[in-house]
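The values are calculated or read from the model by the stated rules, or taken from the named source; none is laboratory data. Quick caveat, the model's predicted, so the values are computed rather than measured. Here the Cβ is made from the backbone with ideal geometry for all residues, glycine too, and neighbour counts use every protein chain on show. Surface areas here come from the heavy atoms of the whole protein model, side chains and all, with no ligands, DNA or RNA. Shrake-Rupley method; radii C 1.70, N 1.55, O 1.52, S 1.80 Å.
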Amino acid sequence: MTDDRVRGFPAFGAAGHLARSWWGRAWVRAMEDTALDLRQLKKGRKYAAAGLVGPITVSPGRIAAVVDDADGGPYRTQLRLAELSEPDWTRFLDRVASRAGHLAALLDRDMPPDLVEAAGVDLLPGIGDLDPECDCPGWELPCRHAAALSFQASWLLDADPFLLLLMRGKGEREIREELESRTAPVAVAEPAADRVPGELPDLAGFRPSGAPSIPAAPGVPAEAFALLVANAAGRARAVSEGRPWPGRRQDAVRLAAEFPSAAGRLGQGAGFARAVAAWRYGGQDGLEVLETPWTPPKAALAAARAALADVAGEPVFERNHCTVGEVQLRLDRRGRWHPYRLEGQTWWPAGAPESDPGLLVG
């Protein structure tokens, strides 16, 4: 057991924002889909933004903190998540090690969606997988304290997906060691008579250690190989599953969102940056609501008006856009509202979509 299996993080303080990474948003969605009372989620979001969550401890199967409350407390709160079995860990690590793009992304603290899907392992929590506990007197689960902890946990996951892996049972050092053992070259003795001088490149120094090392080709950056491998794998899987592949511009936006280090070579300008931000928060749906207004059914708009009845300010609806003060919400065709905020004179994507628009307006 390595000494990084228990990690502590100082309190965020008052620093509210929404999860930015797709895996951070998946974490929040798992909690929201399980919640019985959306009012507790809204209060939890406000508690998280107000800095009422104390230092957070992450360990296998558990994330915990003390959460303050104006009505009492502080309360000891935790979220439990089942650890992966050893066969699941083997499948996941074998998958990472077998793909240069996946290995490069994970060691760069990124987690491409196709890695999680292709590994065939339930790495991200689903409905009912997050088990909240709190010693507050409330009966709702998750209570506002567990919800606040979950929102702040998504902020930690944004910065470091290794924390999700830690909650699933293995620390970063252990994972790196296991990946290195899988990718280290194996020396095989070759009879001198069978050797052909100059037939193969010298790969004696090719051994990943801490970060992937990929043999370079003249004029081609090593990181480009990772991007190309991951992109080719995604295309192949889409073809095998009969799914449409994005057009050239959408594909460039997707790649820039999934591989930030390559964004500068894929597109330039504020318009491209907004598109990348939209994809990063909401995928293809996020890009569509950025660029294509549409007229939703009246029932969807009526439900939104009811959800926003208690917010300060009068919501102004225009097709699938709803503006409330300095926040604009845009409805996608799957019934989710995407938040936007003004930067200068331009509305910019500002977070992950929610089915309940009231959760996006403070």
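Of note:
- Segment Leu342..Trp139, full-extension length gain: 69.2 nm, with 0.36 nm per residue of separation and the alpha-carbon distance subtracted.
- Spatially, the stretch 138-173 and the stretch 12-33 are offset by 9 Å when compared through their Cα centroids.
- Near the amide H of Asn320, within less than 5 Å, lie the amide hydrogens of Trp294, all on another chain or at least 5 residues away, with H placed in the peptide plane.
- Among 46-54, 335-343, the order from most to least packed when residues are scored by Cβ within 10 Å on average: 46-54, 335-343
- Ranked by the mean number of other Cβ atoms within 10 Å per residue, highest first, peptides 295-305, 71-81 order as 71-81, 295-305.
- The aspartates and glutamates within cross-link reach of Lys170, meaning a Cα-to-Cα straight distance under 13 Å and a gap of 8 or more places when in the same chain, are Asp3, Asp4, Glu83, Glu86, Asp88, Glu178.
- Of the accessible area of the stretch 30-89, computed with a 1.4 Å probe over protein heavy atoms only, carbon and sulfur atoms account for 52 percent.
- Debye equation applied to the C-alpha atoms of the stretch 57-140, log10 I(q)/I(0) at 0.23, 0.26 Å⁻¹: -1.11, -1.26
- The fraction of all Cα pairs in the stretch 262-319 landing in successive 5 Å bins from 0 to the largest distance is 4, 15, 17, 16, 17, 14, 7, 6, 3, 0, given as whole percents.
- Alpha carbon centroid spacing (whole Å) that separates the stretch 71-97 from the stretch 105-137: 7 Å
- Set the Cα radius of gyration of the stretch 1-152 against 2.2 N^0.38 Å, with N its number of residues, and you get 1.11.
- Cα-based Rg of the stretch 274-362 normalised by 2.2 N^0.38 Å, two decimals: 0.98
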